Every structure is written in structure tokens, then in C-alpha cells.
1. Failed condition for Gln40, given (1) touching a Ser or Thr at 6+ places or on another chain (Cβ under 6 Å); (2) within 16 Å of ligand 2 (Cβ to nearest atom), with all others met?
2. Among the residues of the stretch 78-109, count how many are within 16 Å of ligand 2 (Cβ to nearest atom) and either at positive phi or polar (S, T, N, Q) (or both).
3. Out of Ala196, Ala162, I need the residue that is part of a helix (DSSP H, G or I), in contact (Cβ under 8 Å) with a residue 60 or more places away in the chain, touching a helix residue (DSSP H, G or I) at 6+ places or on another chain (Cβ under 9 Å) and near ligand 2 (Cβ under 8 Å from one of its atoms). Which one?
4. Look at the stretch 63-93 and say how many of its residues are assigned to a loop (DSSP other than H, G, I, E, B) and near ligand 1 (Cβ under 10 Å from one of its atoms).
5. Suppose we filter Ile187, Ile192, Ile125 for residues that are under 21 Å from Val12 (Cβ atoms), more than 11 Å from ligand 1 (Cβ to nearest atom) and under 16 Å from the mean Cα position of the chain (by Cα); which single one remains?
6. Does the stretch 117-127 contain any residue that is aromatic (Phe, Trp, Tyr) and in contact with a Ser or Thr (Cβ under 9 Å, 6 or more places away or on another chain)?
7. Cβ contacts < 9 Å: first residue in contact (Cβ under 8 Å) with a residue 12 or more places away in the chain and surrounded by 12 or more Cβ atoms within 10 Å (Cβ to Cβ), restricted to the stretch 205-231; second residue basic (Lys, Arg) and assigned to a loop (DSSP other than H, G, I, E, B), any location; separation 6+ or different chain. Result?
8. Condition (residue is without any contact (Cβ under 8 Å) to a residue 12 or more places away in the chain and under 21 Å from Ala196 (Cβ atoms)) applied to the stretch 76-88: is it met by at least one residue?
Amino acid sequence: MGLLSGKTALIVGIASKKSIAYGIAKSFHEQGAKLAFTYQNEKLKSRVEGFAEEFGSDLVYPCDVAIDAEINNLKNNLCNQWPSLDILVHSVGYAPANELEGDMVDVSTREGFQIAHDISSYSLIALTSAFKDHLSESASVLTLTYHGSTQTLPNYNVMGMAKASLEAGVRYLASNLGPMGIRVNAISAGPIRTLAASGIKSFRKMLKDNAQRAPLRRNVTIEEVGNSAMF
Ligand code: NAD
Ligand code: 0WE
């Protein structure tokens, strides 16, 4: 008997084997959860179908979180398969690349700000609202955040603002849904080399510096973040 045996979990934000969402899906699967997945666009479809198969699932749906109709279709499709949802994992973040290189005062644009906040913060509200009436008693909503929300870090810029907004959203959603027994939390993961870290200048140095400062003198793995999410 796994710790999540029989629980239903929707994983939003798997793109590769290095994705934090992959580590979460793996840990959930090991503990007996039933999984469903979404993919952002057609380019990712077959890859996500492969991950679903690996984790014993054939529930794979498109969902660009910028599009309300896709969120609504996702909800309708999944609700036809499962009477209720026990776990919603939001592992999505994006800002245009030019926002993440240089001082924020020099590189930030209104459009970049809007995109970062829409994809990285509002999407948690959008997904949680869509599934609100289908979440089981004692369901859990989880998202991923980063230290750059409360402390300035080079280049993280508007993503830091979006993560601060995401964390405030977690508190409001937790307050709204708490009376129904539903918990809403964020895990603040240390830096990990994923697709969302690719192309970031000096990421290698950041990983090295972070490892040196960390008590264990090493960086966190997606398996460890996955196990925290499972807990
Ligand atoms: P990743 O690139 O593997 O995952 C990011 C996911 O966001 C991808 O699956 C991508 O398809 C999805 N996404 C982006 N725009 C989308 C859209 N419009 N609609 C639907 N999906 C969209 O990278 P990751 O590092 O696993 O990122 C997952 C989460 O973890 C993000 O919220 C990120 O900010 C957070 N995080 C990452 C780190 C790190 O160092 N990698 C540290 C702390 C927190
Ligand atoms: O939250 C993140 C990832 C944020 C992210 C990364 C990218 C790169 C590719 C959001 N959008 C994009 N858009 C792209 O086009 N992390 C915590 C990882 C991360 O990203 C950084 C970091 C760290 C750490 C960006 C700059 C500085 C540090």
C-alpha cells in the first residue's frame, strides 16, 4: 500500500525528464497515485504521452494555461474520467527570455511583466478555480516557487515579482478553500538544471555557489522535491 494509493493527481508542467514535475510524478506513482498529465503545446504532446505511459496513465490533455478555453476543456475531460481530484500540481513558470538577462531596471517591459504574471501566477488561480467544485474533501493544491520572490537575485527580475505574486495567491487560495478542507501550498525548490533554467547565463556558477552555501554542500534533486510534494 503506497502513501497515495488510490489518490487522483493532475500534473501540470511536465516537459522533460529533468522537469520538477517529472520528479513529482515519479514519487506520486511510486506511492500508488493515479496520474493525469497536461502538455503545453503540440510539440510536447508525444513526449508527455511517453511520460504518462511510464507512469501507467493514458490521461493526457492539452493545456496552455494562458487560454481559458483550454483550462475549461481540461476540467471537462478530466471530470469525465475521475469523479473527483485529490491533488492538483501546478509546476509552470515563464517569462520572455529577454526579461531574465541584465538589471530589471533596464530590461523589463510591460508585456514581459504581463506574460510572466499571467503564466506564472494567475494560472494557479485559473486552474484552482476551474477544479474547485471537483476537488475532493482534503484535496491538496501544490505549486513551485523560488527564493527570488523575497530576496533579490541577479537576473531573476520579473520572475521574482511573479513568484511573490504566486505566493500571495497561495495564501489567499488557502484561506478561501481551507473551510472545505482543501490545502494550498508552495514548495520553494533550490536551483535545478531544467529546461526553464536552460539559456540562463551563469546558471552553472549559480548552481556551484548555491551548493557551496547549502548545509549539505550540494544542490537539491527533482527526486527530493518530488518526495516533498508527495509528503
Ligand atoms: P520545466 O521547463 O521543466 O517546467 C516548466 C513548465 O512550464 C514546462 O512544462 C512548460 O511546458 C510549462 N509552461 C510554460 N508556459 C506554459 C503555458 N503557457 N501553459 C502551460 N504550461 C506552460 O522547468 P522546471 O524548473 O521544472 O519548472 C517548474 C516550476 O518550478 C516553475 O514554476 C519554476 O519557476 C519552478 N522552480 C524551478 C526551479 C529551478 O531551478 N529549475 C527552482 C524553483 C522553482
Ligand atoms: O523559476 C525558475 C525558472 C524561471 C524561468 C526561466 C526561463 C528561461 C527560458 C522563466 N521563464 C524562462 N523563460 C525562458 O525563455 N527558476 C527558479 C530557475 C531559474 O531561472 C533563473 C534563475 C533560476 C534559478 C533566471 C535568472 C536567474 C536565476
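A short reminder: the numbers here are calculations on the coordinates, not readings from a lab. Worth saying up front: this structure is predicted, and the values here are computed from it rather than measured. Here the Cβ is made from the backbone with ideal geometry for all residues, glycine too, and neighbour counts use every protein chain on show.
1. (1)
2. Number satisfying all stated conditions: 5.
3. After ruling out the rest, the residue left standing is Ala196.
4. Of the residues in that region, 8 qualify.
5. Ile125
6. Among the residues of the stretch 117-127, at least one is aromatic (Phe, Trp, Tyr) and in contact with a Ser or Thr (Cβ under 9 Å, 6 or more places away or on another chain), which makes the answer yes.
7. Leu207/Arg193; Asn219/Arg193; Ile222/Lys17; Ile222/Lys18
8. No, there is no match, as no residue in the stretch 76-88 is without any contact (Cβ under 8 Å) to a residue 12 or more places away in the chain and under 21 Å from Ala196 (Cβ atoms).
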